[in-house]
1. Among the residues that make up the stretch 209-217, is at least one of them over 25 Å from ALA59 (Cβ atoms), hydroxyl-bearing (Ser, Thr, Tyr) and crowded, with 21+ Cβ neighbours inside 10 Å?
2. For THR259, are the conditions met, namely being in contact with a Ser or Thr (Cβ under 6 Å, 6 or more places away or on another chain), farther than 22 Å from TRP73 by Cβ, of a type in the set (Ser, Thr, Tyr) and surrounded by fewer than 23 Cβ atoms within 10 Å (Cβ to Cβ)?
3. Among the residues that make up the stretch 305-318, is at least one of them buried (at least 24 other Cβ atoms within 10 Å of the Cβ), at pLDDT 95 or above and touching a Lys or Arg at 6+ places or on another chain (Cβ under 7 Å)?
4. Given (1) surrounded by fewer than 20 Cβ atoms within 10 Å (Cβ to Cβ); (2) touching a Phe, Trp or Tyr at 6+ places or on another chain (Cβ under 6 Å); (3) in a helix (DSSP H, G or I), where does ALA275 come up short, assuming only one miss?
5. Could you pull out the residue among VAL177, VAL181 that is under 26 Å from PHE135 (Cα atoms), of a type in the set (A, V, I, L, M) and touching a Pro at 6+ places or on another chain (Cβ under 8 Å)?
6. Go over the candidates GLN110, GLN142 one by one and state the one that is within 19 Å of ASN197 (Cα to Cα), at pLDDT 95 or above and of a type outside the set (A, V, I, L, M, F, W, C).
7. When residues of the stretch 295-353 are filtered for being in a loop (DSSP other than H, G, I, E, B), within 21 Å of GLN110 (Cβ to Cβ) and among the charged types (D, E, K, R), how many remain?
Amino acid sequence: MPVRRTAVVLAAALALGLAAGPLVAPASASPAPVAARTSTGPDAAALRAALAGLPDADATAALVRVGGSDGTWRGSAGVHDLESGRAADPDARFRAGSTTKVVTAAVVLQLAAEGRIGLGTPVQKYLPGLLPSSFEPVTVRQLLNHTSGIRAGDGFGDAFEDAYAHRFDTLTPRRVVASAVAKGPEFAPGTRQDYLNINYTVLGLLIEKVTGHSYEHEAARRILGPAGMRHTYFPGTDPRIHGPHNHGYQAVPRPDGTTAFVDVTDWNQADRWAAGDMISTTADLERLVTHLFRGDLVPARQLEEMFTVPSDIEGADMSAGLQRFEYGGTVYWLKSGARYGYSTVIAATRDLSRTVVYSVGSTDAKGEEMNPVARRIALAALK
């Protein structure tokens, strides 16, 4: 099921100041106590309250790290799995979804700094034959900031049931790109912004063509290693999450009106690839945003691309790998990610006075509305 959202739900929910409603816990598990360590800066009481009562109907677990020069807070709640009911592992790995795009963008910007890629150069120069003549020139920058006009690629179906039936099957990135290209352009490059995975799938192909190495190799060598992300990896066609991890679940209505919580932990995510295949931890994602914003991974000139939103497109808020979001008079740069069973956000002020990373075991991670538990965490963390 392709990700196709022109605005990140987090921004809309926070802007409206929405609050979570009454929740009902799954009958198969009992709540686990919240474990947290507080420091100065973040509102510890609000964060503890945001995690209270897990697991519930909306989330089975939550892992949170708030950091930056203003102070730190760490917390976790919920369960490792609904069957055992044992406490969630706060250091667990999870499917990080579209936060993968931050890594992909950083690799592309490194290659631009090395003079191997021109951000204003059409991708057709590097990948001849990928886009037919019906497409106008699409620059690398337009792929980075989702203004390419390339349509979404096809998956195994739009409904959860269709995707779940194929969860162990492999859909290659090239097949996804071919299905997108066959539909023709959606709009002229640079005239609109439409957030789609396909842009970063093409960037993955670009990285491989320019370097002669796999995307995974270049991402690990250029970003994961230097950032100290020792517990992050790309699973490829392997459906399992290796190492300590909490189970993910999807809420599925039964014919009798009750709800089943289907374990969706094991899933082949190969089609998401450079757009959303990464498995990580909250600590590693905190390292990523910290090293990135410090300028340790991308040179200053190219790093500006991550803090530059197209100025000539109405409503545009996506940059190279990130989204600009203003809340309470403070500008945050964030990226969300969602795979079935897991919802993730990384966010930070540019000066790193506040960083926020969380992973929520959302029972409707691909829903159009923001998960209520994630909403509570975001509202508390960005105070």
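The values are calculated or read from the model by the stated rules, or taken from the named source; none is laboratory data. Quick caveat, the model's predicted, so the values are computed rather than measured. Backbone-built Cβ (ideal geometry, glycine too); neighbour counts: all protein chains shown.
1. If we filter the stretch 209-217 for residues that are over 25 Å from ALA59 (Cβ atoms), which is where we start, we get 209-217.
The next check asks that each one be hydroxyl-bearing (Ser, Thr, Tyr); those that pass are 211, 214-215.
Going one step further and asking which of them are crowded, with 21+ Cβ neighbours inside 10 Å, we end up with 215.
Scanning the stretch 209-217 turns up at least one residue that is over 25 Å from ALA59 (Cβ atoms), hydroxyl-bearing (Ser, Thr, Tyr) and crowded, with 21+ Cβ neighbours inside 10 Å.
2. Working: in contact with a Ser or Thr (Cβ under 6 Å, 6 or more places away or on another chain): no; farther than 22 Å from TRP73 by Cβ: yes; of a type in the set (Ser, Thr, Tyr): yes; surrounded by fewer than 23 Cβ atoms within 10 Å (Cβ to Cβ): yes.
Taking the combined requirement at face value, the residue does not satisfy it.
3. As a first pass, look at the stretch 305-318 and keep what is buried (at least 24 other Cβ atoms within 10 Å of the Cβ): 318.
From the residues that got through so far, the ones that are at pLDDT 95 or above too are 318.
Right, trim to touching a Lys or Arg at 6+ places or on another chain (Cβ under 7 Å) and you get none.
Checked the stretch 305-318: no residue is buried (at least 24 other Cβ atoms within 10 Å of the Cβ), at pLDDT 95 or above and touching a Lys or Arg at 6+ places or on another chain (Cβ under 7 Å).
4. Only one criterion in (1) surrounded by fewer than 20 Cβ atoms within 10 Å (Cβ to Cβ); (2) touching a Phe, Trp or Tyr at 6+ places or on another chain (Cβ under 6 Å); (3) in a helix (DSSP H, G or I) is unmet by ALA275, namely (1).
5. That would be VAL181, the only listed residue that is under 26 Å from PHE135 (Cα atoms), of a type in the set (A, V, I, L, M) and touching a Pro at 6+ places or on another chain (Cβ under 8 Å).
6. On the way: GLN110 fails: within 19 Å of ASN197 (Cα to Cα).
On inspection, the qualifying residue turns out to be GLN142.
7. 2
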